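Peer 1: So that we are looking at the same thing, I have put the structure below in structure tokens.
The values are calculated or read from the model by the stated rules, or taken from the named source; none is laboratory data. Since we're looking at a predicted model, the values are computed, not measured. So basically every Cβ, Gly included, is an ideal-geometry build from the backbone, and we count neighbours across all protein chains shown.
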Amino acid sequence: MRNHLLAAGIAAAALIPSFALAQTTCEQQHNNRVAGTVGGGLIGALLGSAVAGHGDKTTGAVIGGVGGAVIGNQISKGSADCAHAYGYYDTNGAWHATAVERSSAQGYYDRNGQWVAGAPNGYYDSQNRWIAANTSASASGEYDSQGRWVPASANGYYDDNGNWVAGVASGYYDNGRWVAGPTTGHYDSSGRWIAGQASGHRDARGMWIADAQPGYYDANGRWRAGQAVGYYDTQGRWIATAASVNNQGYNANYQSRSNWTGAPADVHSRAAWLDQRIRRSLDDGSLSRGEGYRALRTLNTIQRDERNMRHYNGQLSQRDEGRVQARLDNLSSTIRWSRANNAGVN
């Protein structure tokens, strides 16, 4: 009898609707487990009652229901549990924080619902592509006063109650001294921090978009005036996330670290664009031969690795594309262009 009831429970798990296996957000995962538990229990009870004898239908239904519920709960759990998640990104790339204990947090869900080990260290660009940050994992984010982990790159986030918190920064500079900790505010054109009001706006989807900054503080705590887009990691290092136009107070002989003006969007074409730009700069003398040849060797390695990353259909995964883009950004930022107007390729 009990073997028949166990078989009923297993059959119940096999009949759980496929939607209960989808893992896209922590909220949906919770709902999936509830659906799996209820569905497994119901089907297990029906099958348990059916396979039991005439006098044991109630007992069969109870045991079959319990067995189906347990198996349904476990099979709909997924490969990772949100009880161990720092949080998750929704399909718009917005961060949803959890109140998971620090000792329990092990990873997060990306915007595609895929589990990623460790805390997020990077950001989603305007095309919702993941761009890995060139910074230490320990500086990628921190906990707010309520124990919720927030990525340094987040311009805002949803707390564990679903409330939107706009314009959060990982800290701010006070007279050149970094003060760590989640805060809201903005800098004026002289680099003075104005606390309490975030500088930004909401787009057509209602998402918070941080406005371009009137400048940023460099690694030495010096104010660099000029339009800049990016964020600070938790140690006060500026991470540029879009083309920046820097002028006064910045060495005008060198390109800003994220200047891709005129470059195509996809990484393959962008690498070719950078190759052409380096060679052009070698030809007109605006880049030394030693610097240019080193850059070409590095670029050749990036291009080779990019080709090896492509799948059988010739496509890059979103994560691999982000890694390649980060390497191209890093290469571009280290090249010491000796003419500031050498930004485009005709």
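Peer 1: Taking N128, is it in a loop (DSSP other than H, G, I, E, B), closer than 24 Å to N220 by Cβ and either not small (G, A, S) or not assigned by TED's automatic domain parsing to the domain that holds D211 (or both)?
Peer 2: no
Table: residues versus (1) within 18 Å of A132 (Cα to Cα); (2) under 30 Å from the mean Cα position of the chain (by Cα); (3) assigned to a helix (DSSP H, G or I).
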{"site": "S281", "(1), (2), (3)": "no, no, yes"}
{"site": "G290", "(1), (2), (3)": "no, no, yes"}
{"site": "R294", "(1), (2), (3)": "no, no, yes"}
{"site": "Q303", "(1), (2), (3)": "yes, yes, yes"}
{"site": "N308", "(1), (2), (3)": "no, yes, yes"}
{"site": "E321", "(1), (2), (3)": "yes, yes, yes"}
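Peer 1: Mind telling me which of the residues Y187, Y124 ends up being crowded, with 18+ Cβ neighbours inside 10 Å, within 25 Å of D329 (Cα to Cα) and either of a type in the set (F, W, Y) or over 11 Å from the mean Cα position of the chain (by Cα) (or both)? Full working, then the answer.
Peer 2: Values: Y187 fails: within 25 Å of D329 (Cα to Cα).
Testing whether each residue is crowded, with 18+ Cβ neighbours inside 10 Å, within 25 Å of D329 (Cα to Cα) and either of a type in the set (F, W, Y) or over 11 Å from the mean Cα position of the chain (by Cα) (or both) leaves just Y124.
Peer 1: Among P214, P182, which is the only one that is assigned to a strand (DSSP E or B) and touching a residue at least 40 places away in the same chain (Cβ under 8 Å)?
Peer 2: P182
Peer 1: How about segment 292-336: which of its residues are closer than 14 Å to D266 by Cβ, among the hydrophobic types (A, V, I, L, M, F, W, C) and in contact (Cβ under 8 Å) with a residue 40 or more places away in the chain?
Peer 2: L316, V324, L328 - these are the residues of segment 292-336 that are closer than 14 Å to D266 by Cβ, among the hydrophobic types (A, V, I, L, M, F, W, C) and in contact (Cβ under 8 Å) with a residue 40 or more places away in the chain.
Peer 1: Examine segment 296-311 for a residue that is modelled with pLDDT under 80, exposed (fewer than 13 other Cβ atoms within 10 Å of the Cβ) and not basic (K, R), and state whether such a residue exists.
Peer 2: There is at least one residue in segment 296-311 that is modelled with pLDDT under 80, exposed (fewer than 13 other Cβ atoms within 10 Å of the Cβ) and not basic (K, R).
Peer 1: Mind checking whether some residue in segment 185-202 is without any contact (Cβ under 8 Å) to a residue 12 or more places away in the chain and of a type in the set (K, R)?
Peer 2: yes
Residues checked against (1) surrounded by 15 or more Cβ atoms within 10 Å (Cβ to Cβ); (2) farther than 22 Å from D320 by Cα; (3) of a type in the set (D, E, K, R); (4) touching a residue at least 12 places away in the same chain (Cβ under 8 Å):
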residue: A117; (1), (2), (3), (4): no, no, no, no
residue: P120; (1), (2), (3), (4): yes, no, no, yes
residue: W130; (1), (2), (3), (4): yes, no, no, yes
residue: S140; (1), (2), (3), (4): yes, no, no, yes
residue: G147; (1), (2), (3), (4): no, yes, no, yes
residue: D160; (1), (2), (3), (4): yes, yes, yes, yes
residue: S170; (1), (2), (3), (4): yes, yes, no, yes
